[in-house]
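Engineer: Mind having a look at this structure? Questions to follow.
The values are calculated or read from the model by the stated rules, or taken from the named source; none is laboratory data. Bear in mind the structure is a predicted one, so any value in this text is a computation, not a measurement. A quick note on method: Cβ atoms are made from the backbone with ideal geometry, for glycine too, and the neighbour counts reach across all protein chains shown.
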Amino acid sequence: MKNIQINTEFIKLDSFLKWTGEVSLGSEAKMFIQEGQVKVNSEVETRRGKKLIKGDIIEFNGETYKII
């Protein structure tokens with residue numbers, strides 16, 4: 001599990017995928033999210049604007065991330 005530190009109250013899911021380098025474009029993030037390939041706290045998340053906060057765990061592309 002990789003710990004990802006954010007300096008704001010929250011980060012949106014599509015922005016998070018770009019921040020980690022998992023995708024390079026917002027359109028890529030949108031596609032993966034809408035296809036149900038991203039999990040937040042062990043549940044499939046299809047809203048790209050989902051607000052992630054500290055403690056959330058994101059699973060994508062065989063990687064697991066925790067927001068700290």
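Engineer: On the given criteria, is Ile57 at pLDDT 95 or above and in contact with a helix residue (DSSP H, G or I) (Cβ under 9 Å, 6 or more places away or on another chain)? Let's see the steps before the verdict.
Structural biologist: Numbers: at pLDDT 95 or above: yes; in contact with a helix residue (DSSP H, G or I) (Cβ under 9 Å, 6 or more places away or on another chain): no.
When the stated conditions are applied, Ile57 does not pass them.
Engineer: In addition: Return the residues of the range 30-64 that are surrounded by fewer than 18 Cβ atoms within 10 Å (Cβ to Cβ) and assigned to a strand (DSSP E or B); say none if nothing qualifies.
Structural biologist: Correct list: Lys39, Glu43, Val44, Lys51, Ile57, Glu63, Thr64.
Engineer: Would you mind finding the one in Ser27, Ser15 that is free of Cβ contacts under 8 Å to residues at least 60 places away in the same chain, loosely packed, with under 14 Cβ neighbours inside 10 Å, of a type in the set (Gly, Ala, Ser) and outside any loop (DSSP other than H, G, I, E, B)?
Structural biologist: Details: Ser15 fails: loosely packed, with under 14 Cβ neighbours inside 10 Å.
None of the other options fit; the residue is Ser27.
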